[in-house]
Amino acid sequence: MGVNQKQVKVGLVGYKFMGKAHSHAYRDVSFYFDTKAKPVLQAICGRNEEGVKEAAATMGWQSYETDWRKLIARDDIDLIDIVTPNNSHAEIAIAAAQAGKHVFCEKPLALTLEQSQRMLDAVEKNGVVHMINHNYRFAPAVQWAKKLIEEGRLGRIYHIRATYLQDWIMDPEFPLVWRLSKEVCGSGALGDLAAHSIDLARFLVGEFKEVSGIMETFIKERPIVEDSSGLSGKGSSEQKGPVEVDDASVFLARFENGAIGTFEATRFAGGNRNGNRFEINGEKGSIRWDMENMNNLDVYFHQDEDGLQGFRTINCTEEVHPYAGAYWPAAHIIGYEHTFTNLMVELMNGIDQGYSPLPNFVDGVRNQAILEAVQESAQTKQWVTLSDIFKKAEPSVKS
Ligand SMILES: NC(=O)c1ccc[n+]([C@@H]2O[C@H](COP(=O)([O-])OP(=O)(O)OC[C@H]3O[C@@H](n4cnc5c(N)ncnc54)[C@H](O)[C@@H]3O)[C@@H](O)[C@H]2O)c1
C-alpha cells in the first residue's frame, strides 16, 4: 500500500452473484490503479452462517456477520456495500447513512420512487458519500462513446436504440426466483435490465422527458423456488405460484434535448445471453456498442471520404481509452469484472476527497422515476411525462 493511501474498510451485505463481482473489484482496484484510498475487505454479511463463512474465506474477507444491523454498528466499517435483492436496499442504506457510513448500492436503487428518494435524503442529510452500481458505464468503450458525444463528433443526437436481451427464464419449469417476485424486486425485466439501458441513455444522451410502454408476462405460473443464486435456481415441480413481474418491457422515449429512443428489455430473447446493446445516431455520425463484445465500439462518421464510409470497429484497449491503460498492452482485452474495478476507482477517489461520484443516488432516483413512468404508461396505455411522475410522488420527491 502507498505510504499516504487512506484505508476504506468495507462491509459487504450479500455474498452471491454481485457479492463476488464487488469482492473481486475491491481486491483488484489497487493492483491496477493508483487510487488515493484503498479498500480493505473488512467484513461480509449474509444470513446463513455456513454460507457467509465460506464466502468470507473464498473471497478474502477478514470477518463475517450474519445480521446487517451488527455490521452497520461496527466501528471498524467505513463503507456499506449493498448487494442484496432490491426490497432490502432502502432499509440497509438508510440505516447505514444514519450511522455515518458511506453507501454503495446495487441497482435498481429501490422498489419505488418514494423509497429511493428517502435513500437520497438519508445520504444527503448525513453527509456520506453515495454511489449506485451502474457498472456498464465503466466499460472503456462506453466511456469513449461518452467522450465522442461530448466532443460533438456525432453532432445533434437524433436516436438511441437500446436493447437488453436475455433468455435465462424461457423454460416454463424455471422456478420463481426472487427476480420474479414483485414484492422482492419491484419489476422484472424492466428494473433488472432496462434500468441499465436507462442509465446508459441518461449518461450518453440526456434526461428523459416522457415515455410510452408495454409490459408482458408470457409465463404466468412457475414452480416454487427451493434455492437460488444470481440467474440460476432450483424449483419443486409439484407446487406452483404466480409470476408477478414482466418477462418483457418495451418502451418509447422522448428526451429533453429532442432526441427519441426505443428500449427493449426481455428475458425471452432466445440465444441472447446478455445482449446489452445500444446504437446512437447523430447528425454527424453514429456509434454502437454490444456488451457481449464489450471492448469494441463501432463508429461511423459522415465526414469520411465517399466510397470509404461505413461503420468501423475501434478496440478500446489503447492507452488513450479511459481505464484501459491500467491493464494490458493494446488489444489484450478486459472483461465484465473490470467494469466493476473501474467504477471502484471513482468510489475510492470520491471517499478520499469527500464527494459522491457519478452515478450516485441522484441518478438512482431519476432512474427509478423512469421505471415508474414506464409502469404507469403500460397500465394506463398513455404517454407519461417525468414531470408528472415527480409531481404525483411524495412531496419530498424532487425532480
Ligand atoms: N450491476 C449489475 O450488473 C447487476 C447484476 C446482477 C444483480 N444486480 C443487483 O444486485 C443485487 C443482488 O443481486 P444478485 O444477483 O447478486 O442476487 P443473489 O441472489 O445472487 O444474491 C443475493 C445475496 O443477498 C443475500 N441476502 C438477501 N437478503 C439478505 C438480508 N436481509 N441480509 C443479508 N443478506 C441478504 C443473499 O443471501 C445473497 O447472498 C440486486 O439488487 C440486483 O438487481 C446488479
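The values are calculated or read from the model by the stated rules, or taken from the named source; none is laboratory data. Because the structure is predicted, anything quoted here is derived from the model rather than measured. All Cβ positions, glycine included, derive from the backbone under ideal geometry; neighbour counts span all protein chains shown.
Here are the numbers for this structure:
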| read-out | value |
| --- | --- |
| Hits in the range 309-356 (condition: assigned to a loop (DSSP other than H, G, I, E, B) and of a type in the set (F, W, Y)) | F311, Y323, Y327, W328, Y355 |
| Some residue of the range 30-37 being under 12 Å from M59 (Cβ atoms) and out of contact with any Cys (no Cβ under 6 Å at 6 or more places or on another chain) | no |
| Residues located in the range 307-326, provided they are surrounded by 15 or more Cβ atoms within 10 Å (Cβ to Cβ) and in contact with a helix residue (DSSP H, G or I) (Cβ under 6 Å, 6 or more places away or on another chain) | C316, T317, H321, P322, Y323, A324, A326 |
| Qualifying residues in the range 357-377 (those that are part of a helix (DSSP H, G or I) and aliphatic (A, V, I, L, M)) - the one surrounded by the fewest Cβ atoms within 10 Å (Cβ to Cβ) | V362 |
| Given (1) among the polar types (S, T, N, Q); (2) buried (at least 16 other Cβ atoms within 10 Å of the Cβ); (3) over 30 Å from D298 (Cβ atoms), number of the condition T380 does not satisfy | (2) |
| Residue count for the range 177-190, restricted to those that are surrounded by fewer than 24 Cβ atoms within 10 Å (Cβ to Cβ), within 12 Å of the ligand (Cβ to nearest atom) and assigned to a helix (DSSP H, G or I) | 4 |
| Candidate set: the range 191-224, residues that are in contact (Cβ under 8 Å) with a residue 60 or more places away in the chain and basic (K, R); chosen: the one surrounded by the most Cβ atoms within 10 Å (Cβ to Cβ) | R202 |
| Restricting the range 217-240 to residues that are among the polar types (S, T, N, Q) and within 12 Å of the ligand (Cβ to nearest atom), the residue that is farthest from R137 (Cα to Cα) | S228 |
| Qualifying positions in the range 21-58 - touching a helix residue (DSSP H, G or I) at 6+ places or on another chain (Cβ under 7 Å) and within 8 Å of the ligand (Cβ to nearest atom) | A21, C45, G46, A55 |
| Filter result (of a type in the set (A, V, I, L, M, F, W, C) and buried (at least 21 other Cβ atoms within 10 Å of the Cβ)) within the range 73-89 | I77, L79, I80, I82, V83 |
| Answer residue from the range 1-20, given it is more than 15 Å from the ligand (Cβ to nearest atom) and not aliphatic (A, V, I, L, M) and is nearest to H102 (Cα to Cα) among those | K9 |
| Residue match in the range 44-54 (condition: out of contact with any strand residue (DSSP E or B) (no Cβ under 9 Å at 6 or more places or on another chain), touching a residue at least 12 places away in the same chain (Cβ under 8 Å), part of a helix (DSSP H, G or I) and under 17 Å from K16 (Cβ atoms)) | yes |
| Meets criteria (more than 15 Å from R137 (Cβ to Cβ), in contact (Cβ under 8 Å) with a residue 40 or more places away in the chain and surrounded by fewer than 21 Cβ atoms within 10 Å (Cβ to Cβ)) for G354 | yes |
| Check on W168, within 15 Å of the ligand (Cβ to nearest atom), modelled with pLDDT of 95 or more and either crowded, with 21+ Cβ neighbours inside 10 Å or not charged (D, E, K, R) (or both) | yes |
| Helices (runs of 4 or more DSSP H) contained entirely in the range 73-150, each with at least 2 residues that are more than 12 Å from the ligand (Cβ to nearest atom), under 30 Å from S228 (Cα atoms) and free of Cβ contacts under 8 Å to residues at least 40 places away in the same chain | 89-98 |
| Scan of the range 57-72 for residues that are part of a helix (DSSP H, G or I) and over 30 Å from K182 (Cα atoms), ordered by number | A57, T58, M59 |
| Residue within the range 59-72 that is surrounded by fewer than 24 Cβ atoms within 10 Å (Cβ to Cβ), hydrophobic (A, V, I, L, M, F, W, C), free of Cβ contacts under 8 Å to residues at least 40 places away in the same chain and away from the ligand (no atom under 11 Å from the Cβ) present | no |
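Table: residues versus (1) basic (K, R); (2) closer than 16 Å to Y164 by Cα; (3) away from the ligand (no atom under 16 Å from the Cβ); (4) assigned to a strand (DSSP E or B).
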site	(1), (2), (3), (4)
D192	no, yes, no, no
L200	no, yes, no, no
G206	no, no, yes, no
E210	no, no, yes, yes
M215	no, yes, yes, yes
V245	no, no, no, no
S249	no, yes, no, yes
L252	no, yes, yes, yes
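For (1) at pLDDT below 95; (2) in contact with a His (Cβ under 8 Å, 6 or more places away or on another chain); (3) surrounded by 22 or more Cβ atoms within 10 Å (Cβ to Cβ), each residue gets a yes or a no:
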position	(1), (2), (3)
A110	no, yes, yes
L113	no, no, yes
Q117	no, no, yes
V129	no, yes, yes
Q143	no, yes, no
I149	no, no, no
R156	no, no, no
I160	no, no, yes
P172	no, no, no
